[in-house]
Amino acid sequence: MTSLYRKLSKSVRRFLRNEEAAIIAETVIVLPLLLWAYIGLFVYWDCFRSLNTVQKATYTVSDMLSRDLSQTGITSAYITGLQSVVEYLIDHDQNSTMRVSSIYWNAVNTRYEIHWSRTTSAASMPALTTTTLQNFTAQIPTMSPGDTAVIVEVRVPYVPAFNVGMTNQTFSEFIVTRPRFQMCIIMDGILCPP
């Protein structure tokens with residue numbers, strides 16, 4: 001019985017000390033995890049980069065509008081051109097949409113009101129009205145009576161390159177900027193509010 005026990009324990013110890021093919025076994029176990037982690041980091045980093053790019057492009061367009069020096073104002077074609085600028089800056093071929101609205105504080109009605117609003121896609125992002133603008137009052141800074149501001153909203157769909165648990169999403173930016181050199185931005189002949 002002791003000799004059988006010795007032979008068995010000797011065989012078990014030899015088996016436990018044997019390191020042949022350990023690298024192959026470890027590779028089979030660890031490589032899929034490493035690949036999944038690498039692809040996951042790539043997707044999450046790309047998502048963060050895309051979100052950051054959309055935000056910077058929206059701020060750029062908002063700043064361009066706030067610096068408008070033309071006395072005749074801008075047109076709907078100008079807004080369409082700004083949409084092209086956004087798509088160029090984000091290097092994106094998908095259907096991004098943009099809405100630009102000029103607002104002012106009406107002290108008599110004690111609310112924000114629309115001066116004008118234009119959109120690049122009326123179906124997915126309709127132009128704002130004074131009624132629909134009230135849904136965004138928490139995102140608009142406090143304004144003095146007669147002050148105007150320009151709201152630039154951009155929505156860009158994002159589809160991850162690989163399925164690592166992240167779903168398709170839409171990046172949305174909402175930027176409020178005061179005109180820098182004029183009281184308001186004139187659009188298609190619509191003069192400044194009283």
Discussion item. Can you work out the Karplus-derived ³J(HN,Hα) for every residue in the range 164-178? Use 6.51 cos²θ - 1.76 cosθ + 1.60 with θ = phi - 60°, whole Hz, and x for glycine or proline.
Written reply: 10, x, 9, 8, 4, 8, 10, 7, 10, 10, 9, 10, 10, 9, 7
Item to complete: Please check which bits of the range 118-150 a label hung off Ile190 would reach, taking the label as a point 7 Å along Cα-to-C-beta and the cut-off as backbone N under 17 Å.
Response: 118-123, 125-136, 146-150
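Which is the longest part of the chain that has none of the chymotrypsin sites (Phe, Trp or Tyr not before Pro) sitting in a DSSP loop with at most 12 other Cβ atoms within 10 Å?
Working: sites that count: Phe162, Phe181.
With a cap of 12 other Cβ atoms within 10 Å, the longest stretch comes to 1-161.
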Fill in: 3J(HN,Hα) from dihedral phi, the range 6-16, Karplus parametrisation 6.51/-1.76/1.60, rounded to Hz, x for glycine, proline
5, 4, 5, 5, 5, 5, 5, 4, 4, 5, 5
Worksheet item: What Kirkwood hydrodynamic radius, in Å, does the range 116-158 give when the mean of 1/r is taken over all pairs of distinct Cα atoms and then inverted?
Response: 12.2 Å
Fill in: Descending Cα extents along the principal axes, the chain, whole Å
107, 33, 30
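Would you calculate a helix-derived [θ] at 222 nm for the chain, using -39,500 (n - 2.57) for each DSSP H run of n ≥ 4 and dividing by the full residue count, to the nearest 500? Display every interim value, and only then the final one.
Values: 4 runs with 80 residues, N = 194.
Helix-only estimate at 222 nm: -14000 deg cm²/dmol.
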Practice prompt. Hey, can you grab everything whose amide H is under 5 Å from the amide H of Arg111? Only 5+ residues off in sequence or another chain; H modelled, so Pro and N-termini drop out.
Written response: Asn106
Worksheet item: Can you work out ³J(HN,Hα) from phi for every residue in the range 38-46, in order, using Karplus 6.51 cos²θ - 1.76 cosθ + 1.60 and θ = phi - 60°, giving whole Hz and x for Gly and Pro?
Response: 5, 5, x, 4, 4, 5, 5, 5, 5
Item to complete: Report the calculated FRET efficiency for Ile140 and Cys47 (r = Cβ-Cβ distance, R0 = 22 Å), to the nearest 0.05.
Response: 0.20
Worksheet entry | Quotient of C-alpha Rg and 2.2 N^0.38 Å, computed over the range 75-173 | 1.26
Worksheet item: Amide H to amide H under 5 Å from Tyr158: which residues, 5+ apart in sequence or cross-chain, H placed 1.01 Å off N in plane?
Response: Gln169, Thr170, Phe171
Response to the item:
Under a Gaussian network model of the chain whose springs join Cα atoms within less than 10 Å, the largest fluctuation of Pro141, Pro157, Pro126 belongs to Pro141
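Bear in mind these aren't lab numbers, they're just calculated from the coordinates by the rules spelled out. Since the model is a prediction, treat every value here as computed from it, not as a measurement. Heads up, the Cβs are rebuilt from the backbone with ideal geometry, glycines too, and the neighbour counts pull from every protein chain shown.
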